[in-house]
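Here's the structure we're looking at; comments come further down.
Only the coordinates and a few stated rules stand behind these numbers; no lab work does. Model, not experiment: these values are computed from the prediction. Counting neighbours? That spans all protein chains shown, and the Cβs are built from the backbone with ideal geometry, glycine included.
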Amino acid sequence: MTESRDAGRALRASAPHALLDTVRDHIATVYGATCVRLYLTDYGGTVLSPCDSSGDERRLLSIPNSPEGRALGSQERREQQVPHGDFVDHHLPVTVRGDRIGILTVRLSGDRSTPAVLDELRQVTDQLGHEILVAERDTDIYQRVRRVSRLTLAAEMQWQLLPARACTAERYALGAQLEPAYAVHGDNFDWASDGEELTLAVTNGMGQGVDASLLTHLAVSALRNARRAGIDLADQAALADQAVYAHHRGASHVSTLLVRVELGTGRMEIIDAGSPQMWRLRGKTVERIELDRQLPLGMFEESHYAAESFTVLPGDRLIFVSDGVYEAPAPRGGQYVEAALARALHATRLLPAALVPGALLRDVAEYRAAETLDDALVLCFDWFGDHVD
């Protein structure tokens, strides 16, 4: 325990760009590690990219097809025997409140690989994850590692606007993903919790490229500004509507689905202001939740919004999808929503919330007839309530 506290102090005192060097020196000194490697999850959620200041050639690891990737997926420590000598590679998930940042691989001798040591290394890994998130305010090194290709300017703007890609709490779990990850423009998601309520937003700014991203940026910032002022959901929508209309005078609008969840009861308030859809998986039943359609944000001056009530039960899974998902074209005509969405929700029902969006988006990519210019968003919300099965 003392060693993990020492590691925490060392990481907090470290220069933001030198966290890996700091944790590597600590683990080598205290535990006799002969090799320490850090891999970060890329923006597309498909590969692990090495974060190493040694200048070695960059070797990407497939998340589905590598021991490190399987450790990330299971969120459990995995061991891999080194071919020569009595050494073991321990793949440790780096995760902060459900957000799967990457993997720390530590090579120890067999006699050093004790349960007590591995438990301490898990604590060090947790501290490293928190410090990476803090360090990203002051250095680009970790975001640079996450990129296996260059982001478009529109995608850069959208990714900087996001809260995280996953979040796990006592009563709920969230996961979300944007595609194409390196060229997304108008789709966006947002969430925030204050302990008593959780607010979700799924947003789709009209248009393409930077124009769509700027429009979404304006709408999300207006929604956050209203939310942080402590006003109710309907007024949040109204103020964001006014902000978008004041700037674009109705020439552009933003489709938004707003949700507020009372964490003590599971009671929800929902405003459907546009194209995102909400689906529910309850037990073995999949159904689209039909909501009262209201005007997208910014379409007309001083639109009025009303929240409708909905109740989520323990064990429910809600899936929010943008039009880039449910309108994906089939090879022989029709749309993804008509034939494949319910099937995909059933097929992913055993996955944790953090992995569902990526799995659904991969299914969409395999289903559609050809590449599309539209981007796509999936947000998964699992409600545990007071009873976790």
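Might you report the magnitude of the Cβ-based charge dipole of segment 1-132 about its Cα centre, with Lys and Arg at +1 and Asp and Glu at -1, to the nearest 20 debye?
Taking the Cα centre of segment 1-132 as origin, the dipole is about 220 debye.
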Ranked output for segments 214-225, 66-77 by mean other Cβ atoms within 10 Å, highest leading, reads 214-225, 66-77
Under the Karplus relation with 6.51, -1.76 and 1.60 and θ = phi - 60°, whole-Hz ³J(HN,Hα) for segment 180-191, x at Gly and Pro, equal x, 4, 9, 9, 5, 9, x, 7, 7, 9, 8, 7
With the charge dipole of segment 64-156 built from beta-carbon charges (+1 for Lys and Arg, -1 for Asp and Glu) about the Cα centre, the Cα from Leu153, Thr105, Pro93 projecting farthest to the positive end belongs to Leu153
Counting only residues 5 or more apart in sequence or on a different chain, those whose built amide H sits under 5 Å from that of Arg78 are His91
The answer for Asp42, listing residues at least 5 apart or on another chain whose modeled amide H is closer than 5 Å to its amide H, is Val47, Ser49
Segment 169-210 scanned against label point 7 Å out from His247 along Cα→C-beta; backbone N under 15 Å for 186-188, 203-210
HN-Hα couplings for segment 269-280 via Karplus (6.51, -1.76, 1.60; θ = phi - 60°), in whole Hz with x for Gly/Pro, come out as 10, 9, 10, 9, 10, x, 8, x, 10, 10, 10, 10
Checking rank on 302-309, 79-86, with mean other Cβ inside 10 Å and highest first, the result is 302-309, 79-86
Taking a ≥ b ≥ c as the square roots of the Cα gyration tensor eigenvalues, with a/c under 1.5 meaning rounded and otherwise prolate when a/b beats b/c or oblate if not, segment 143-272 comes out oblate
Non-local residues with an amide H under 5 Å from the amide H of Ala192, with H modelled 1.01 Å from N and Pro and chain starts lacking one, are Thr199
Measuring from the longest principal axis of the C-alpha atoms of the chain, the long axis of helix 19-31 (C-alpha) lies at a number of degrees, nearest 10, equal to 40 degrees
Computed for segment 237-389: size of charge dipole around the Cα centre, +1 on C-beta of each Lys and Arg, -1 on C-beta of each Asp and Glu, debye to nearest 20, value 440 debye
Helix 209-228 sits off the longest principal axis of the Cα atoms of the chain, rounded to the nearest 10 on a 0 to 90 degree scale, by 90 degrees
Rounded to the nearest 10 degrees, the helix 2-13 long axis (Cα) sits at an angle to the longest Cα principal axis of the chain of 60 degrees
